[in-house]
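The values are calculated or read from the model by the stated rules, or taken from the named source; none is laboratory data. No experiment lies behind these values; they were computed from the predicted model shown. Counting neighbours? That spans all protein chains shown, and the Cβs are built from the backbone with ideal geometry, glycine included. Calculation scope for accessible area: heavy atoms of the full protein, side chains included, ligands and nucleic acids excluded. Shrake-Rupley method; radii C 1.70, N 1.55, O 1.52, S 1.80 Å.
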Amino acid sequence: MRRDKAVTEGITMLGRRKGYEIREGIVYLTFEGGQGRIEVMTEDIVNVFVPYEDSAHRSKAIVGEKNKHVWFEVKEGLDYLEIITERLLVRVYDRFMVDFYDREGHLLCADYRGNREFTTPISEKFVEILLAEGHEAPRDNGENYAVQVVKRMEGDECFYGLGDKTGVLNKRHYDYEMWNTDNPQAHTDAFKALYKSIPFFITLRENCVYGIFFDNTYKSYFDMGKERDGYFLFGSDAGNLDYYFIGGSNMPDVVKNYTYLTGRAPLPQLFSLGYHQSRWGYESSAEIRAVAEKYRALDIPIDTIHFDIDYMDGFRVFTWNEKEFGEPGKLVKELEKKGFKVVCIIDPGVKVDEDYYVYREGVEHDYFAKTPEGEIYVNEVWPGDAVYPDFGNPNVRQWWADKQKYLVDLGVRGVWNDMNEPASFRGELPQDVVFTDEERTSNHAAMHNVYGHLMSQATYEGLKKYDKRRPFVITRACYAGTQKYSTMWTGDNQSLWDHLRMAIPQMCNMGLSGLVYIGTDVGGFGADVTPELLSRWVQVGCFSPLFRNHSSKGSTRQEPWLFGEKTLEIYRKYIQLRYKLLPYLYDLFCETQKDGLPVLRPLVLHYEKDPECKNLNGEFLFGEDILVAPVVEQGATKKLVYLPEGTWYDYDTREKLTGGRYLIKDAPLEVCPMYVKAGSIIPNYPPMHYVGEVEVENLTLDVYPGEGTYIHYQDNGEDFAYEQGEYNAYECKLTKDETLTIRMLHKGYKKVYRYFTICYKGQKQKFEFNGESLTVWLS
Ligand code: GLC
């Protein structure tokens, strides 16, 4: 499909610009060889579209009307048509070359006028030799993609985003593919694709930042100046040319604008932000009970236990293995009474079995993907021969949503969607397997990258309908916008130092790509963890929005008490820290609902002008106020930390430090270097074993000298009542004269804190709160 010559020359073939007309706010452009259009979505966001396949967007990422119908005007220029918004100038030339400027006329982004300069084509003979030796065939080289946009490199561009890619934070000089891939090998920097396809990146250079979202679900390609330093490009095998130029005054603005388009992570249930334990596989209720009891006995906080595939009857989804797990739901309810919440795994592959209700229902209603000849398509997953629900069909999504009731009725509190790239053990599904795209027939090539996305949507909707609480969904495969329905983890990593190191830039880039509620398998999924690696991994896990220890069958068991007293102590310390910081984390989620900014952030997000932050792979911000610089090297007991401009406080020693410099921090195994920005107010919970164990009446505020305002939210942490105003918002204001004022900004939740304990310069003081305001003179 990639070699479709007619389309390959698509943009070039459009030829000279002829005329334009504006209909319903869209600028329709006519070229000698075809049509194109420009749509001003907001003053910062402009869509560029060529209907190669279809005249509609058919976006899976963008839900609802996002065109704000803002003011714009169109002017004929010398050899271009100019579209002017409040904040952008868009110039359209012959061949549908499009350049973007800010309103002052500074160039932001220009199409590359030359031809791609391919690297030398590889001879067939050479390919044969490589294959004979067992290497992979080299990637195609020497032809344009069916749909393709090449942009000029202006100078010192850095690139961020692109979802869950391996490798370093700044993607300049690397290339990637978007094709959801379950590759069980140890992930390396050379991987082009993992489980998620987020065709969005941010370009940053001096005095310029913008994003591009290429909304195309086919296999797509991103070359960020690897082929040639003079340009970067994105392209795909098929589909429309459909991309959004996303401007903004700074990087946070670009992220806000991107998530305005594709959606933001909704507020989760508070328990889900606690700690999770998983293992493939706990094979019986006795095993799970023992793990749960051990956590309580050892005084390690934990909220959630995950049931991997063994809880099912023969890996049939929406069934229960009664032999090993007892009466369905009994164990779930027993655990719930002790404060544990249960999350169950669900794979999309439905076992071929005439005696199995899910298979029978799907066959009866024609819900499974088919071969072009009209037979139900069969491949293999955990249960053996399996068929694939056609999630692009709204009726199938409804059916799948209704299936969630089975789990909800058992008391299950979250659903973990796995293997939804979709994975298949007998080779990848052929591109022409027939799927549905809403009302029309489609195929695997078009629907592959959105399969997990649509499955997550169905799961979210089902949980919302039957459970009524905020759905807790985890997914492995994603497309842009999946954050609206699900949290996600980075899939099957391994217990390797390389993978711990990689987790930081990987999660930072996911965050910039709208995927906010994310985590890695703490300790590593495959291979055998060492006590040291686990001790360091929990220090990253503590700050990962999804904090779950998970490991694979055949690898060392990974519960923290199996590695000696020292590891256990370190592990406990960081889980306790996580629970202490829960209100801060929850507040970050309250904010991200509104602005889409990630929880775990690369420093460059807030310090984009600081060259030192552009390539920082070994540290991150937890919200804007806490900087975390974990040790991710075996044997290291010191960490080189970069502190950006401003005043910072060492979290452990409370030492005051001036930023804009590197420092070397002593970091023995039990220490994860953390710094807090001057003027920060960090809310802390009292010790607890799980969310809901104690009612927090007394909130501690950890106050760092300086000036700042912080908003803290409080609600029932479970359902949607907050949308009807059932929440409290406390505004905490710290001024230069060392006065802290707490004021109720919004009062809608019945449980108002009775006390505030203020920690300031080593002093702790408890104050009664009258439900309205409190002023404390700190000095
Ligand atoms: C996949 C998942 C992993 C899970 C396993 C068994 O490999 O990524 O997390 O444990 O399947 O269900």
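Points worth noting:
- Residues of segment 31-62 with an amide N closer than 19 Å to a point placed 7 Å from the Cα of His69 along the Cα-to-Cβ direction: 38-47.
- Cα centroid separation, segment 604-638 to segment 61-127: 33 Å.
- Taking every Cα-Cα distance in segment 73-144 and sorting them into 5 Å bins from zero, the calculated P(r) comes out as 3, 13, 17, 13, 8, 7, 7, 8, 8, 7, 6, 2, 0 percent.
- Under 14 Å from the Arg152 label point (7 Å along Cα→beta-carbon), backbone N, segment 73-116: 91-94, 97-102, 106-115
- For segment 293-341 versus segment 160-225, the spacing of their alpha-carbon centroids is 37 Å.
- Share, in percent, of DSSP beta bridges within segment 315-424 that are antiparallel, nearest 5: 65
- Arg743 versus Thr757: modelled label distance in nm, points set 7 Å from Cα along the beta carbon direction: 2.8
- Of all DSSP bridge pairs formed entirely within the chain, close to 80 percent run antiparallel.
- Over the chain: helical MRE at 222 nm, DSSP H runs n ≥ 4 each giving -39500 (n - 2.57), nearest 500: -6000 deg cm²/dmol
- Under 20 Å from the Asn615 label point (7 Å along Cα→beta-carbon), backbone N, segment 220-242: 223-232
- Note on Asp102 and Tyr662: with the Förster distance fixed at 35 Å, the Cβ-Cβ geometry gives a FRET efficiency of about 0.55.
- Calculation over all alpha carbon pairs of the chain in 10 angstrom steps from 0 returns a P(r) of 3, 13, 23, 26, 20, 11, 4, 0, 0 percent.
- Packing rank of 361-371, 463-473, where each peptide gets the mean count of other beta carbons within 10 Å, highest leading: 463-473, 361-371
- On a per residue basis, the chain carries 37 Å² of accessible surface, using protein heavy atoms and a 1.4 Å probe.
- Within the accessible surface of the chain, defined with a 1.4 Å probe on protein heavy atoms only, the carbon and sulfur portion equals 48 percent.
- FRET E, pair Thr735, Gln593, Förster distance 35 Å, beta-carbon r, rounded to 0.05: 0.80
- Rounded FRET efficiency, nearest 0.05, which uses the C-beta distance separating Thr371 from Glu124 and R0 of 35 Å: 0.65
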